[in-house]
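Here, each number is a calculation from the coordinates, and none is a lab measurement. Because the structure is predicted, anything quoted here is derived from the model rather than measured. For neighbour counting, all protein chains shown are included, and Cβ atoms are generated from backbone atoms with ideal geometry for every residue, glycine included.
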Amino acid sequence: MNELAGRVALVTGGARGIGAAIVRSFVAHGARVVVVDDGSTIDGSTADRTVVEAFAEPFGEVVAPMARSVAEPGVADAAVALALERYGGLDIAVNCAAILRDGFVFKAATEDYEHVLRVNLIGAFGVVRAASPVLRDNAKRERGGAPYTWGRIVNIVSTAGLYGNYGQAAYAGAKAGLVALARVAALDLARSGVTANALAPFAATRVTDSIVPQNEAQAAYKAGALRVPAEPVARFVSYLCSERAQRVTGQVFAVRGAETFLFSQPRPVARELLAPDASLDDVADAVDRSFAPSFTPLETDLDAFATEPVV
Ligand SMILES: NC(=O)c1ccc[n+]([C@@H]2O[C@H](COP(=O)([O-])OP(=O)(O)OC[C@H]3O[C@@H](n4cnc5c(N)ncnc54)[C@H](O)[C@@H]3O)[C@@H](O)[C@H]2O)c1
């Protein structure tokens with residue numbers, strides 16, 4: 001259980017649910033952790049600073065709480081500074097903080113959309129932006145030995161960002177953006193040996209509890225999800241942050257209890273050549289012939305994962 005000894009991690013949204021399980025796993029594997037969590041309600045409307053303080057207290061010295069919102073400018077930099085000052089470095093950044101403000105596209109408020117993106121995506125970019133110069137510098141200084149094999153970024157995403165779900169334009173958009181952020185971070189930091197991956201979790205938390213099923217498949221999803229513990233997600237995140245995962249980067253995973261999934265990523269699946277003078281009928285024929293057999297079904301993530309979880 002010492003695979004993360006010497007590592008310092010920053011976990012946003014680490015005071016509750018899946019984030020808290022990740023912090024517990026990191027500590028159990030020997031890491032020290034800065035937890036940034038504003039203790040907010042699911043919709044991010046009200047914060048409670050006591051949540052992260054109460055969570056961190058039993059860990060003593062190895063967990064440093066920071067009761068701030070990742071959406072606030074300067075907070076990511078302050079969290080990185082806290083890691084450097086308190087623990088003398090930073091090796092791992094996990095973006096787990098997220099809120100939900102659902103609404104069908106034909107009536108959702110733009111300010112709700114913006115707020116979700118500010119917390120779930122721009123807040124995560126702030127963490128990557130603040131942490132990555134430190135991780136690159138670690139590589140130059142050969143922290144932990146040469147080569148530097150400690151630098152890790154994990155974005156906690158959602159299958160909603162891969163499939164879509166009713167009323168989740170903001171949440172799914174932010175999560176899809178987090179997948180792209182992990183890809184770009186993986187590319188930008190590859191030369192420093194720093195990895196970046198995306199992980200879509202499934203676990204019983206207050207968020208799962210808040211799902212309002214839209215159909216039978218979604219009701220089945222909720223009933224199953226409420227039986228899934230967060231620990232397997234946390235174990236996989238710890239694995240991604242361990243030495244053994246040094247060559248694992250730019251990937252999209254999901255963990256649901258005993259099941260661990262690797263996701264494909266969108267790549268062209270069919271190709272047609274159309275002449276400059278092609279008519280709309282020619283286009284339609286090409287689509288019907290070559291593309292229609294490979295169309296992606298219009299199903300939500302909750303429909304796709306309505307199967308009974310293995311726990
Ligand atoms: N539970 C699931 O099955 C599930 C499914 C898909 C994705 N996820 C993702 O997993 C992550 C954790 O979800 P969870 O179910 O544990 O949720 P949760 O609500 O229990 O935990 C989220 C934590 O983030 C914190 N937070 C919210 N806004 C913040 C902000 N602005 N700054 C700092 N902290 C903030 C909250 O206070 C809370 O402690 C989220 O990214 C969520 O989107 C969860």
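Return one number: the angle in degrees, 0 to 90 and rounded to the nearest 10, between the long axis of the Cα atoms of helix 75-87 and the longest principal axis of the Cα atoms of the chain.
40 degrees
Hey, what angle do you get for helix 169-189 against the long axis of the chain, alpha-carbon based, 0 to 90 degrees rounded to 10?
Once rounded, one gets 60 degrees.
Would you mind calculating the gained length between E85 and E243 on full extension (0.36 nm times residue separation, minus the Cα-Cα distance), in nm to one decimal? Please report the intermediate quantities before stating the final value.
Numbers: separation 158, 0.36 × 158 = 56.88 nm, distance 2.45 nm.
Gain in length upon complete extension: 54.4 nm.
Just in the range 55-159: which GluC sites (Glu not before Pro) are loop by DSSP and have at most 14 other Cβ atoms within 10 Å?
Here the GluC sites (Glu not before Pro) that fit, given the DSSP loop and packing criteria, are E142.
Report, to one decimal in Å, the Kirkwood hydrodynamic radius for the range 214-271 based on all distinct Cα pairs. Walk me through the numbers on the way to the answer.
Values: mean 1/r = 0.0719 Å⁻¹.
About 13.9 Å for the range 214-271.
Using each residue's phi in the range 242-256, evaluate 6.51 cos²θ - 1.76 cosθ + 1.60 at θ = phi - 60° and report the 3J(HN,Hα) Karplus result to the nearest Hz, with x for Gly and Pro.
Coupling constants for the range 242-256: 8, 4, 4, 9, 4, 9, 9, 8, x, 9, 10, 10, 9, 10, 9 Hz.
Projecting each Cα onto the charge dipole of the range 8-265 (Lys/Arg +1, Asp/Glu -1 at the beta carbon, about the Cα centre), which of I153, A219, S40 comes out farthest on the positive side?
Ranked along the dipole, the leading option is I153.
Bins of 10 Å, beginning at zero and ending with the bin holding the largest distance: percent of Cα pairs per bin for the range 46-177, please.
12, 34, 32, 17, 4, 0
Would you mind calculating the gained length between D77 and T50 on full extension (0.36 nm times residue separation, minus the Cα-Cα distance), in nm to one decimal?
7.6 nm
From the helices alone, meaning DSSP H stretches of at least four residues, give me the mean residue ellipticity at 222 nm for the chain, per-run term -39500 (n - 2.57), in deg cm²/dmol to the nearest 500.
The helix contribution divided over the chain gives -11000 deg cm²/dmol.
Just for the chain, what percent of DSSP beta bridges are antiparallel, to the closest 5?
10 percent
Does the range 138-296 come out rounded, prolate or oblate by the C-alpha gyration tensor, with a ≥ b ≥ c the root eigenvalues, rounded set by a/c under 1.5 and, if not, prolate when a/b is larger than b/c and oblate if not?
The shape class here is oblate.
Give the dimensionless ratio obtained when the Cα radius of gyration of the range 8-265 is divided by 2.2 N^0.38 Å.
The reported ratio for this selection is 0.95.
Treat every Asp and Glu Cβ in the range 8-265 as -1 and every Lys and Arg Cβ as +1, leave all other atoms uncharged, and give the resulting dipole magnitude about the Cα centre to the nearest 20 debye.
My answer is approximately 700 debye.
Return one quarter of the surface area of the convex hull spanned by the alpha-carbon atoms of the range 1-111, equal to its mean projected area, in nm².
Working: hull surface 30.0 nm².
Answer in nm², one decimal: 7.5.
Extending each Cα 7 Å along its Cβ direction at V105 and E61, get the distance between those two points in nm, one decimal.
With each label point 7 Å from Cα toward Cβ, the separation is 5.4 nm.
Given the Cα atoms of the range 108-183, and with Rh set as the inverse mean 1/r over their pairs in the Kirkwood sense, what is Rg to Rh to two decimals?
Value, to two decimals: 1.14.
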